[in-house]
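**Q** This structure is in structure tokens; I'll ask about it shortly.
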Amino acid sequence: MQDACGRKVRYLRLSLTPACSMRCVYCRPATYVGGTDGLLSPAEIQTLVGHLVSAHGLTKVRLTGGEPTTRPDLLDIVRRLHSGLGLSGLAMTTNGLTLARDAAALVDAGLTRVNVSLDSLDAERFRGITGVDGLRRVLAGIDVARKAGLSPVKINTVVVRGENVAELGGLVQFAAGEGLEIRFIELMPMGPLAAQWQHRYVPESEMRQSMRDTVLSWEPLVYEGGAARRYRAHLASGFATVGFITAMSCNFCAHCDRIRIAADGSYYPCLMDNPAGNILPAIRPAFDPAGLDRILAAGLRSKSAEHPATGVAVMTSLGG
Ligand code: SAM
């Protein structure tokens, strides 16, 4: 599968549910209620991914949401994707609230890597951003995830002016101390802060400036694909691997190798663009591989070379 610009699709980001156990200020609108009826079932997900791997060379799947760990059948989904489909990696993005409980079982089921969202190390600020008094649980989850064998465990931090800019140096020190990679994500003009985006967005250059007392030098790392531009950040004692996901100040669309499918079947060739249809008619009542290929190919034909300036407000259910 490739789009009109010749970019090959190797990576599926699959949202398992619009439900979430947090209500992050930049992600989930206060009034949003994501319905969970009729979501793709574990068997349908297995059939879909199996076809994308065998017919189209997909190599990587990331499970996201909403919050993927709110799906009661998450372990079944992971097991089905792990067993014999031929993926090179099965990853998940989570808010980490239940990782301390779930990590070992997820590893047993076949999950290999995890990204955990962590926007603050201050318990009050964490609660203010996420709506949940959960910092200790998330930190415990990160610790258990690493010990359970998930590798790598990466931290995702969305940087928002007025929330956590003064904390970036501390977060890098935390990452260095724990031996974790951290990625700072530029706020995208989607979701509840879209109207205030100009005032709340912090570009990479300013993020780095805010860490000048902590990071003594930035050593660029060789680009190996993916959304982040990565550096080895040298600190007074030790170092951390730090990535910047700069969708707004320096987009990485030229390297985009991903498509997204939401749990209701909506199909997004680009995170910030409108959905290019829905795959459910090719999944139910019976799997129709040729029909699925037609839907996917039509979406890829219309995928722009670069993402639009503003996004539709779907991040909360689609995953970043
Ligand atoms: N619940 C999981 C979590 O908390 O990581 C997965 C879903 S969450 C929607 C996926 C990612 O989207 C997170 O890293 C989140 O921080 C990011 N995200 C949500 N809204 C965003 C926005 N407006 N700009 C940039 N990143 C955003």
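**Q** Please specify each residue of region 268-293 satisfying the condition of being under 16 Å from the mean Cα position of the chain (by Cα) and not in a loop (DSSP other than H, G, I, E, B).
**A** Tyr268
**Q** If only one of Arg62, Arg28, Arg80, Arg125 is within 11 Å of the ligand (Cβ to nearest atom), modelled with pLDDT of 95 or more and not β-branched (Val, Ile, Thr), which one is it? Show your work before the answer.
**A** Details: Arg28 fails: modelled with pLDDT of 95 or more; Arg80 fails: within 11 Å of the ligand (Cβ to nearest atom); Arg125 fails: within 11 Å of the ligand (Cβ to nearest atom).
The unique qualifying residue is Arg62.
**Q** Follow-up question, since we're still on this one. Mind listing whichever residues of region 198-231 are in contact with a Pro (Cβ under 9 Å, 6 or more places away or on another chain), farther than 22 Å from Ala176 by Cβ and touching a residue at least 12 places away in the same chain (Cβ under 8 Å)? Please lay out each step first, then the result.
**A** Keep residues of region 198-231 that are in contact with a Pro (Cβ under 9 Å, 6 or more places away or on another chain), which gives 198, 201, 229-231.
Then drop every residue that is not farther than 22 Å from Ala176 by Cβ, which leaves 198, 201.
Answer for region 198-231, where residues must be in contact with a Pro (Cβ under 9 Å, 6 or more places away or on another chain), farther than 22 Å from Ala176 by Cβ and touching a residue at least 12 places away in the same chain (Cβ under 8 Å): just Tyr201.
**Q** Still on this model: What number goes with the only condition from (1) surrounded by fewer than 21 Cβ atoms within 10 Å (Cβ to Cβ); (2) within 16 Å of the ligand (Cβ to nearest atom); (3) modelled with pLDDT of 90 or more that Ala286 does not pass?
**A** The one condition Ala286 does not meet is (2).
**Q** Being at pLDDT 95 or above and closer than 17 Å to Ala103 by Cβ narrows it down to one of Val172, Val202, Val159, Val153, so name that one.
**A** Being at pLDDT 95 or above and closer than 17 Å to Ala103 by Cβ holds for just one of Val172, Val202, Val159, Val153, which is Val153.
**Q** Within region 208-223, is there a residue that is within 21 Å of Arg28 (Cβ to Cβ) and hydroxyl-bearing (Ser, Thr, Tyr)?
**A** No: zero hits.
**Q** Follow-up. Within the set of pairs 6 or more residues apart or between chains, which connect a residue that is away from the ligand (no atom under 16 Å from the Cβ) inside region 96-120 to a residue that is of a type in the set (Val, Ile, Thr) and not in a loop (DSSP other than H, G, I, E, B) with Cβ atoms less than 7 Å apart?
**A** Close Cβ pairs (under 7 Å, with a partner that is of a type in the set (Val, Ile, Thr) and not in a loop (DSSP other than H, G, I, E, B)) amount to Ala109/Val78; Gly110/Val78.
**Q** Can you name the residue in region 196-227 that is within 12 Å of the ligand (Cβ to nearest atom) and not polar (S, T, N, Q) and is also nearest to the chain's Cα centre (by Cα) among such residues?
**A** Among those residues, the one meeting the criterion is Ala227.
**Q** At least 2 residues that are within 20 Å of Thr93 (Cα to Cα) in each: list the helices (runs of 4 or more DSSP H) lying fully within region 168-239 that qualify.
**A** Correct list: 168-178.
**Q** Now, a different point. Let me confirm something: among Leu280, Leu296, Leu292, Leu300, which residue is in contact with a Gly (Cβ under 6 Å, 6 or more places away or on another chain) and of a type in the set (A, V, I, L, M)?
**A** From the options Leu280, Leu296, Leu292, Leu300, the qualifying one is Leu280.
**Q** Can you say whether Ala233 is surrounded by 14 or more Cβ atoms within 10 Å (Cβ to Cβ), out of contact with any Cys (no Cβ under 8 Å at 6 or more places or on another chain) and among the aliphatic types (A, V, I, L, M), as far as the supplied structure shows?
**A** Against the criterion (surrounded by 14 or more Cβ atoms within 10 Å (Cβ to Cβ), out of contact with any Cys (no Cβ under 8 Å at 6 or more places or on another chain) and among the aliphatic types (A, V, I, L, M)), Ala233 qualifies.
**Q** For region 57-81, give me the residue count where each residue is under 21 Å from Arg258 (Cβ atoms) and surrounded by fewer than 17 Cβ atoms within 10 Å (Cβ to Cβ).
**A** 2
**Q** Scan (1) under 21 Å from the mean Cα position of the chain (by Cα); (2) more than 20 Å from Ser41 (Cα to Cα) for the single condition Gly319 breaks and write down its number.
**A** (2)
**Q** OK, next. Restricting to region 305-320, count the residues that are in a loop (DSSP other than H, G, I, E, B) and either within 16 Å of the ligand (Cβ to nearest atom) or within 15 Å of Tyr267 (Cα to Cα) (or both).
**A** Matching residues across region 305-320 total 10.
**Q** For region 65-93, enumerate the residues that are of a type in the set (Val, Ile, Thr) and under 22 Å from Arg146 (Cβ atoms).
**A** Once the filter is applied, which keeps residues that are of a type in the set (Val, Ile, Thr) and under 22 Å from Arg146 (Cβ atoms), region 65-93 yields Thr69, Val78, Thr93.
The values are calculated or read from the model by the stated rules, or taken from the named source; none is laboratory data. All figures in this text were calculated on a predicted structure; none of them were measured in a lab. Heads up, the Cβs are rebuilt from the backbone with ideal geometry, glycines too, and the neighbour counts pull from every protein chain shown.
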